[in-house]
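Accompanying notes for the structure given below.
The values are calculated or read from the model by the stated rules, or taken from the named source; none is laboratory data. Please read these numbers as outputs of a predicted model, since none were measured by experiment. Note that we place each Cβ from the backbone using ideal geometry, even for glycine, and neighbour counts take in every protein chain shown. What goes into the accessible areas is simple: the full protein's heavy atoms, side chains included, and nothing from ligands, DNA or RNA. Shrake-Rupley method; radii C 1.70, N 1.55, O 1.52, S 1.80 Å.
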Amino acid sequence: MMSGRRPLIAGNWKMNGKPLEGASLARELRSALQDPPAVDIMVFPPFLSINTAVEALKGTDITVGGQDLHPEAGGAFTGNVSGEMLKAAGCKAVLVGHSERRTYEKESGELLAAKVAGALRAGLQVIFCCGETSDERDAAVTQQVVVSQLNDGLGDLRATEMEQVVVAYEPVWAIGTGRVASPEQAQEVHATIRSWAAKTWDSGSARALRILYGGSVKPTNVAGIMAQPDIDGALVGGASLNADSFQGIVCYGGR
Ligand code: 13P
């Protein structure tokens, strides 16, 4: 990477850890990252661990986000959490469009666009996830799949709203499988995403857009990924659940 875009390393804890465990992971991160390099760092705990994580990370530069939100600000939506609630709990960002939610919760492009709008209304940054399945890659439709996910979720935003959006490219076949995309495979899709942004808005928006790679990122493979010109950071699942390995990823370039 390089280009003036500040790298972002984000940890998606998924459905792992009870509130006290979230608090202790956050405290371990706090001490492991006392002297962090010049990258933005975010963690996305389960809803019930947001409070304890925010508390444990107070006074640090590590920010906390939610893994999902409902498009509406409040009301009769049993079991849901709004962007406004996340914001009030101390969140700065929210994930939208993760493939696990697209698959298991059957989230549609239309719903994701509404969630993006809800997040921006609440004043949250959006980490918008996209990525192809292994069948789609084999059928050589990766670029079309990713561009159509991006158009559905983000295509109606204004350029100024895009300043609050980060895109995360997460090939489904690389998530939790140990089968990381090669730096070249990832770079190819990241370049497509950046040129999509240039065509949809303008070259300035495209240059400013941060695009993260996600899928089996580990301390041992992060440097090669981060060396690519259009890769601005990582969205990390499994390896973000251990303070040492997350620290190893955050400090990918050494100190
Ligand atoms: P893994 O790093 O466990 O492959 O998960 C990636 C991911 O889905 C992050 O959102």
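Confirm whether Ser245 is closer than 27 Å to Pro46 by Cβ, within 11 Å of the ligand (Cβ to nearest atom), open to solvent by less than 30 Å² (accessible area, probe 1.4 Å) and in a helix (DSSP H, G or I). If you could, list the steps in order and put the result at the bottom.
Working: closer than 27 Å to Pro46 by Cβ: yes; within 11 Å of the ligand (Cβ to nearest atom): yes; open to solvent by less than 30 Å² (accessible area, probe 1.4 Å): yes; in a helix (DSSP H, G or I): yes.
When the stated conditions are applied, Ser245 passes them.
Determine whether Thr192 is assigned to a helix (DSSP H, G or I), under 22 Å from His98 (Cα atoms) and hydroxyl-bearing (Ser, Thr, Tyr). Yes, satisfied. Thr192 falls short of the stated requirement of being of a type in the set (Ser, Thr, Tyr) and within 16 Å of the ligand (Cβ to nearest atom). In region 32-54, which residues are surrounded by fewer than 17 Cβ atoms within 10 Å (Cβ to Cβ) and in contact with a helix residue (DSSP H, G or I) (Cβ under 8 Å, 6 or more places away or on another chain)? Of everything in region 32-54, those that are surrounded by fewer than 17 Cβ atoms within 10 Å (Cβ to Cβ) and in contact with a helix residue (DSSP H, G or I) (Cβ under 8 Å, 6 or more places away or on another chain) turn out to be Pro37, Leu48, Asn51. Any residue in region 164-172 that is small (Gly, Ala, Ser), under 19 Å from Val145 (Cβ atoms) and outside any strand (DSSP E or B)? No.
Scan region 82-115 for residues that are in contact with a helix residue (DSSP H, G or I) (Cβ under 6 Å, 6 or more places away or on another chain), of a type outside the set (D, E, K, R) and away from the ligand (no atom under 16 Å from the Cβ) and the total you get is 5. Looking only at residues that are among the small types (Gly, Ala, Ser) and touching a Gly at 6+ places or on another chain (Cβ under 9 Å) in region 199-232, which one is farthest from the ligand (Cβ to nearest atom)? Ranking the qualifying residues of region 199-232, first place goes to Ala208. Determine, yes or no, whether Thr103 is within 18 Å of the chain's Cα centre (by Cα) and open to solvent by 50 Å² or more (accessible area, probe 1.4 Å). Criteria met by Thr103. Take Glu84 and tell me if it is open to solvent by 20 Å² or more (accessible area, probe 1.4 Å) and either of a type in the set (Lys, Arg) or not in a loop (DSSP other than H, G, I, E, B) (or both). The answer is yes for Glu84.
Asp152 meets each of the listed conditions (1) within 16 Å of the ligand (Cβ to nearest atom); (2) assigned to a helix (DSSP H, G or I); (3) touching a Gly at 6+ places or on another chain (Cβ under 7 Å) apart from (1).
Among the residues of region 1-28, those identified as more than 16 Å from Asn51 (Cβ to Cβ) and at pLDDT 95 or above are Arg5, Arg6, Pro7, Leu8, Ile9, Ala10, Gly11, Asn12, Lys14, Met15, Asn16, Glu28. Within the bounds of region 175-189, is there any residue that is in contact with a strand residue (DSSP E or B) (Cβ under 6 Å, 6 or more places away or on another chain) and modelled with pLDDT of 95 or more? Yes, region 175-189 has at least one match.
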